[in-house]
Every structure is written in C-alpha cells, then in structure tokens.
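Working notes, structure below.
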Amino acid sequence: MNNKLVLVSITDEEYLNIIKVLLRLDIYYSELNIKDNKVYFKVNYEDYKNLKKYFTNIKLEKRLGLDGIISFIKKHYIILISFIITYGILLLLSNVIFDIEIVTNNNELKRIINLYLEENGIEKNKFMKSYDELEIIKKKILEENKDTIEWLEIERVGTKYIVNLTERVINEEKIETSKRDLVAKKDALILYLINKNGTSIKEVNELVKKGDIIITGDIIKNEEVVDRVDAKGEVYGEVWYTVNTTVPYKHIDYVKTGEIVNHIYLDIFGKKFTLMGKYDTKNEIVTTKVLLDKPYLFFKVVKEEKELYEYVTHTVTYEEAYEEALKRSERVINEKLSSDEYIIDKKVLKINKYSSKIEIEIFYKVYENIGEYREVTPEVVN
Amino acid sequence: MLNNISTYLKNEEYRVTFLKYGLHVLNYKSLIDINTNMIIFKIDNKLFKVNGKNMILKKMDKKEFLINGKIESVVINE
C-alpha cells in the first residue's frame with residue numbers, strides 16, 4: 001500500500017460536500033485550504049485514488065516528501081543532467097593548463113625551465129597542479145639550478161601558469177693588475193702607521209686631509225721613480241666627529257601585549273569572508289599562512305596570526321633625558337666602528353634645554369682606520 | 001510532536017483545546033454533523049456542539065481534528 005502523501009485539489013465543489021465524502025469514506029487528511037474556488041488538502045496516495053471515483057474535478061497537484069523529489073527528478077531529468085554535465089565540463093576546463101609563460105630574456109634558461117616543467121607534468125592541455133605540488137616542483141628546480149637561478153615563483157592566473165624568475169649573477173674575482181697608493185679616506189691625525197709595501201710619504205703624528213697619499217706605490221731611488229708597486233700598509237688615525245642629539249621628555253613605546261589573535265577567512269577572488277576571529281586594530285603585526293588552496297576549489301582558506309601591541313607613554317626627567325642623549329650619541333658613533341676602532345675621548349659642547357626636549361652637541365675623538373687604496377692612473381707622455 | 005508524546009504518555013481520555021485560530025479536539029468518538037456555522041461531535045457519552053462563523057475542518061485524523069475559524073461557543077450536553 002502506498003502511504004505517500006500527496007497534495008490534491010478539488011475544483012467547483014462545495015467544501016461541505018467534500019468533507020462529508022471524506023468522513024463517510026473514513027479518509028484522513030490535513031492542511032485543508034480553500035482558495036479561488038478550489039479546495040486543497042493532503043491525503044495518502046491510495047485515498048486520492050479512491051476519491052477520484054467520487055470527484056471528477058480532483059487533481060494531483062504535487063507529490064510530497066521523498067516521492068516528490070524523485071518525481072521532480074524524473075520530470076526534469078534532462079535539464080538536471082544537462083546542468084550537471086555543463087558544470088562538470090566547466091570545472092574540468094578551468095583546471096586545464098592552456099598556457100605557460102616564462103618571464104625571462106634568457107632563452108637558454110627558458111628552455112631549461114620548460115624541460116623541468118614538462119618533466120613534472122606542467123605542460124599545455126594537462127591538468128593544473130595543487131599548491132603543494134607546485135611548491136615541490138619549485139624547490140626541485142631551485143635546488144638543481146643554484147648557480148643560475150636566484151629566485152623562482154610559479155603563479156597560477158586562471159588557466160595559465162606564469163613563471164617568474166631572477167637569474168643569479170656571479171661576480172668574477174677582480175684581479176688587480178694596475179698599481180695603487182694608500183690614501184687617507186678622512187681628515188685625521190695619524191696615530192699608527194705600518195708600511196708593508198711602497199714608500200711612506202707621511203709619518204705618525206702628521207695631519208692628513210682626505211685624499212692625501214700616505215704610502216705611495218712609487219719606489220724612489222736617488223730622487224727618481226725606479227719602479228711602481230702596489231702600496232700596502234695599515235694606517236689608523238684620530239678622526240673628529242660632532243653629534244647632535246635631541247631627546248624629548250615624553251615618548252611613546254610599542255610594547256607587545258602577548259596576545260595573539262588568529263583570524264581565519266575564505267579568500268574568494270580576492271575578497272575576504274571571515275570564518276572566525278575577526279579583529280580590527282592598527283597595533284598589530286600580521287603573519288599570513290594559506291591553509292587550503294586546491295585548483296578545483298574557487299576559494300582559499302587563509303589564516304592571519306595577529307600579534308597585538310599597545311602604546312606606552314614614558315616621561316623622563318632632565319637628568320634622564322641628558323643621559324639618554326649621551327647614550328644615543330655614543331651609539332651613533334659606535335655603529336660606524338669595527339672591533340679594532342674605539343672612541344678616544346668626548347666633550348659636550350652645547351646643551352639646549354627646552355620645555356619639551358633637550359638638545360646636546362657632543363664632540364668625539366675616534367681612533368679609526370683611515371686608509372684606503374686608490375688606483376694610480378698612468379701618466380700620458382707626449 | 002511534543003504534544004503527541006505528552007498525549008501518548010499521559011493517555012488522556014479526551015481533550016478539547018481552544019486555540020487562537022480555532023479548536024483542537026483529541027480522542028473524539030465520532031463527528032455527527034458539520035457546516036460552516038456549527039459542528040457537532042461526540043466524546044464518550046457527551047455531545048459537543050461548537051457554534052461559530054466560517055469554520056472549516058482543517059485537519060482530520062483517527063483520533064483528533066482541528067477546526068479553523070471564529071469559535072463563538074461550545075455547548076456540552078450529557
């Protein structure tokens with residue numbers, strides 16, 4: 001017995017007559033409605049067949065439940081199948097590689113990259129690769145071409161792959177062939193001088209200006225230049241600096257709060273749709289990671305890790321600002337110096353005290369390497 | 001559904017419920033007469049007469065039925 005529910009309608013019949021027939025036949029129904037001279041109600045399919053004997057104007061409007069769905073599919077199967085096939089074709093075609101572009105002027109490199117791509121299944125009229133597969137291929141190409149490729153990226157744009165790369169440039173070692181002198185790179189007072197090759201022009205405790213020759217490559221004998229060599233030596237001198245530093249009495253620091261907010265969202269054609277953890281603030285440092293990116297999906301799942309900061313205002317006294325200014329000035333000098341260089345002495349030249357800040361000017365004497373090599377251009381003899 | 005569960009568990013003899021839009025009757029014995037202004041039904045040995053306007057029998061089942069419309073009065077005759 002078919003107990004499936006159906007929606008029926010009876011036209012041009014008195015409601016009371018219908019009810020009386022239903023009562024007489026012991027037919028149970030529900031959802032009875034009267035609309036536009038039609039009486040609608042839901043009954044079992046078997047009862048509907050029974051009622052057909054009593055009412056000529058009875059019509060099966062709709063099958064309900066699972067039966068209704070099956071009936072709908074049977075009625076519209078052609079359209080449904082067409083839709084499924086069309087969608088399937090669209091999905092298929094959108095995951096086929098129609099074009100590959102390698103962005104470089106180096107034809108040889110282009111040819112090599114093409115071979116790698118073909119070897120790994122990336123060629124026209126084949127299927128697109130997933131994000132993970134692309135990463136593996138990219139790593140492989142970079143590892144096997146360390147000498148020629150600095151950086152490589154394979155980007156998917158629609159049904160096309162664009163390969164961007166940067167060639168590695170190896171600088172050849174420069175072989176010194178011409179002669180050179182050792183000259184002063186700054187104005188200084190020479191404190192330490194070692195001559196390893198060449199003739200010394202200057203001595204310790206002599207003042208030199210920038211560009212002055214300290215050790216020359218000319219070998220002089222009897223006041224004549226008998227030979228030219230590469231001058232070689234070490235020279236350290238006392239160099240002078242003046243540093244101006246300003247320190248405000250109030251300043252603001254960024255301090256990590258320790259709080260991290262994870263924002264996970266769907267990226268659909270460049271637009272963000274939050275799944276969880278949306279948090280808007282300007283005081284954050286964001287690290288982004290792609291969690292899911294498949295060629296057959298039209299979206300990506302992305303996670304943003306936001307490390308939060310807050311502003312903290314600091315107020316200092318005059319003495320603290322003065323000490324801070326001294327520290328900062330010294331830091332400026334020390335950053336320029338290497339391990340064998342140091343500050344000999346310092347002197348505060350000027351202090352300007354304002355309501356919101358302090359300005360100081362400090363003079364430094366620094367022990368520093370002042371030598372540099374300069375190529376000697378040969379003289380043109382007429 | 002909860003009502004059905006409650007009815008099953010409680011095993012009430014009958015119940016007549018006034019609703020905002022009509023009347024609900026549970027465990028009736030038989031429907032005697034029906035028209036848009038009056039419905040008569042029997043429960044045990046009692047005769048119920050429902051007076052109203054534009055009444056329709058919205059739903060009818062073996063044990064219950066639902067009347068929609070304007071209910072003016074219900075008279076019980078023993």
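The coefficient of translational diffusion for region B:2-77, derived via Stokes-Einstein from the alpha carbon Kirkwood radius under 10 °C and 1.306 mPa s, stands at 127 µm²/s. Listed peptides B:30-39, A:203-212 appear in the order B:30-39, A:203-212 once ranked by packing, highest mean of other Cβ atoms within 10 Å at the front. Think of region B:2-77 as having a plus end and a minus end, set by charges on the Cβ of Lys, Arg, Asp and Glu; of B:V25, B:Y14, B:L57, B:L57 sits farthest toward the positive end of this dipole.
Build a GNM of chain A with springs between Cα atoms under 10 Å: which of A:D253, A:D230, A:D12 gets the top mean-square fluctuation? In the Gaussian network model the winner is A:D12.
Derived value for the protein assembly as shown: Kirkwood hydrodynamic radius 34.9 Å. Basis is the mean of 1/r over every pair of different alpha-carbon atoms. Heavy-atom accessible surface of region A:1-137, averaged per residue, reaches 66 Å², computed with a 1.4 Å probe. For the peptide B:56-63, the mean number of other protein chain Cβ atoms found within 10 angstrom of a residue's Cβ is 6. About its Cα centre, the dipole of the protein assembly as shown is roughly 4500 debye, where the only charges are +1 on Lys and Arg Cβ and -1 on Asp and Glu Cβ. Per residue of peptide A:26-37, the mean number of Cβ atoms on other chains within 10 Å of the residue Cβ is 3.
Comparing A:G121, A:G270, A:G68 in a Gaussian network model of chain A where C-alpha atoms under 10 Å apart are linked, the largest mean-square fluctuation is found at A:G68. Look at the stretch A:85-94: the mean tally of other chain Cβ atoms within 10 Å of its residues' Cβ atoms is 0.
In region A:289-382, which GluC sites (Glu not before Pro) fall in coil by DSSP and have 10 or fewer other Cβ atoms within 10 Å? Within region A:289-382, the qualifying GluC sites (Glu not before Pro) (loop, at most 10 other Cβ atoms within 10 Å) are A:E379.
The loop-placed chymotrypsin sites (Phe, Trp or Tyr not before Pro) in region A:296-373, going by DSSP, that have at most 13 neighbouring Cβ atoms within 10 Å of their Cβ come out as A:Y296, A:F298, A:Y354. Mind pulling the angle between the C-alpha long axis of helix A:107-119 and the longest principal axis of chain A? Nearest 10 degrees, somewhere in 0 to 90. Taking Cα atoms only, the helix is inclined about 40 degrees.
Comparing A:I84, A:I360, A:I69 in a Gaussian network model of chain A (Cα springs below 10 Å), the most mobile by mean-square fluctuation is A:I69.
For region B:2-77, the solvent-accessible area of protein heavy atoms averages 62 Å² per residue (probe radius 1.4 Å; ligands and nucleic acids excluded). Computed from protein heavy atoms with a 1.4 Å probe, the total accessible area buried between A and B is close to 1200 Å². The charge dipole of region A:257-304, taken about its Cα centre with unit charges on the Cβ atoms of Lys, Arg (+1), Asp and Glu (-1) only, comes to about 180 debye. Axis of helix A:77-94 versus longest Cα principal axis of chain A: the two differ by about 10°, to the nearest ten degrees. The long axis of helix A:131-144 is offset from the longest Cα principal axis of chain A by roughly 30 degrees. First measure r as the distance between the Cβ atoms of A:E330 and A:T148, then evaluate 1/(1 + (r/R0)^6) with R0 = 51 Å and state the FRET efficiency to the nearest 0.05. Here the calculated transfer efficiency is 0.65. Using just the helices of chain A, give the 222 nm mean residue ellipticity in deg cm²/dmol: DSSP H runs with n ≥ 4 each add -39,500 (n - 2.57), and the total is spread over all residues, rounded to 500. So the helix-based figure for chain A works out to -7500 deg cm²/dmol. Summed over the residues of region A:257-304 and divided among them, the accessible surface reaches 72 Å² per residue at a probe radius of 1.4 Å.
Burial here means at least 40 square angstrom less accessible surface with every protein chain in place than with the chain by itself, probed at 1.4 Å; in region B:14-53 the buried residues are B:I34.
In this label model, B:N27 and A:K365 are separated by 11.5 nm, measuring between points 7 Å along each Cα→Cβ vector.
Within the accessible area of the protein assembly as shown, the carbon and sulfur atoms contribute 51%, probe 1.4 Å, all protein chains present.
The values are calculated or read from the model by the stated rules, or taken from the named source; none is laboratory data. In this text the structure is predicted, and so the values were computed from the model without any measurement. Note that we place each Cβ from the backbone using ideal geometry, even for glycine, and neighbour counts take in every protein chain shown. All accessible areas refer to the heavy atoms of the entire protein, side chains included, with ligands and DNA or RNA removed. Shrake-Rupley method; radii C 1.70, N 1.55, O 1.52, S 1.80 Å.
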